[in-house]
Amino acid sequence: MSIQENLKKIQENIPNSTNLVAVSKTKPLEDLKAAYDAGQRDFGENKVQELQAKAPAMPKDVRWHMIGHMQRNKVKYIAPFVYLIHAVDSWKLAQEINKQAKKNNRTINCLIQFHIAEEESKFGFSFDEFIEEQKTNNFNSLDNVNFIGVMGMATYTDNQEQVRKEFKQLKNIFETLKLEYQFKNFSEISMGMSQDYQLAIEEGSTIVRVGSSIFGARNY
Ligand SMILES: *Cc1c(COP(=O)(O)O)cnc(C)c1O
């Protein structure tokens, strides 16, 4: 199926209130343009360099999502235009985003990444780690960063109950931070990818990040 048909099928499968981010990492500009022509405006990349290279070549109304782990020294390259940073996984990164946002006279919307999967390799806070950090460094004290929610990745497994449990856990973290830790601007839960976005939506996802189901498998 074409990119256009894939997008249409996915849009039909998700509620209007769920935002679809088309994850275009490793894909050529012509694929992004095909998605754009089919009406897609939210695009996600996981590497700063690639995002930086693609952004100027696409129309100005694209909303760029940085969905991957970020090194602090690269924040400055995307700070002028990035729409949403999904994976804030340390206080130091949050501070750097704040600094670069200030330089650009803007407020950058961000999500806090939580580690919900069983795999060791994935980035993000555990709930306890975050609460510990929040005691000394209040994430809400950064003037030019607006934390609007949480992001997480489930374990890569066929075990649906496992995945569902992890999504429930992220939803719980979202609720707890919003209600008990004064994250008043929380409205977004970024969870769900090609293989599990439907489950994620059932468990309360507001942003799904879908790559291969739109653009086809990636060759690395
Ligand atoms: C690559 C990636 C996705 C999309 O994965 P697919 O399985 O291709 O849909 C989603 N989120 C993050 C953080 C990614 O790195």
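A short reminder: the numbers here are calculations on the coordinates, not readings from a lab. Keep in mind it's a predicted model, so treat the numbers as computed, not measured. When we count neighbours, we look across all protein chains shown, and the Cβ atoms used for this are built from the backbone with ideal geometry, even at glycine.
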Considering only the other residues whose Cβ falls under 13 Å of the Cβ of E129, what net charge follows from Lys and Arg at +1 and Asp and Glu at -1? -3
Stretchable slack from T157 to S2, in nm (0.36 nm times residue separation minus alpha-carbon distance): 53.1 nm
Charge dipole magnitude, Cβ of K and R +1, D and E -1 - region 1-130, Cα centre, debye nearest 20: 780
In percent, how large is the relative contact order of region 160-220, given Cα pairs closer than 8 Å and 6 or more residues apart? 29
Cα-based Rg/(2.2 N^0.38 Å) for region 1-58, rounded to two decimals, is 1.13
From Cα pairs below 8 angstrom and at least 6 apart in sequence, can you work out the relative contact order of the chain, rounded to a whole percent? 20
Theoretical gain in end-to-end length, D31 to N73 [0.36 nm per residue, Cα-Cα removed]: 12.2 nm
Which value in nm describes the separation of the simple spin-label points at K165 and Q195, placed 7 Å from the Cα toward the beta carbon? 1.7
Classify region 12-125 from the C-alpha gyration tensor, please: rounded if a/c falls under 1.5, else prolate or oblate depending on whether a/b exceeds b/c. oblate
How far apart, in nm, are two points set 7 Å out from the Cα along the Cα-to-Cβ line at N137 and at K47? 2.7
Kirkwood Rh over Cα pairs of the chain into Stokes-Einstein at 10 °C, 1.306 mPa s: D in µm²/s? 90
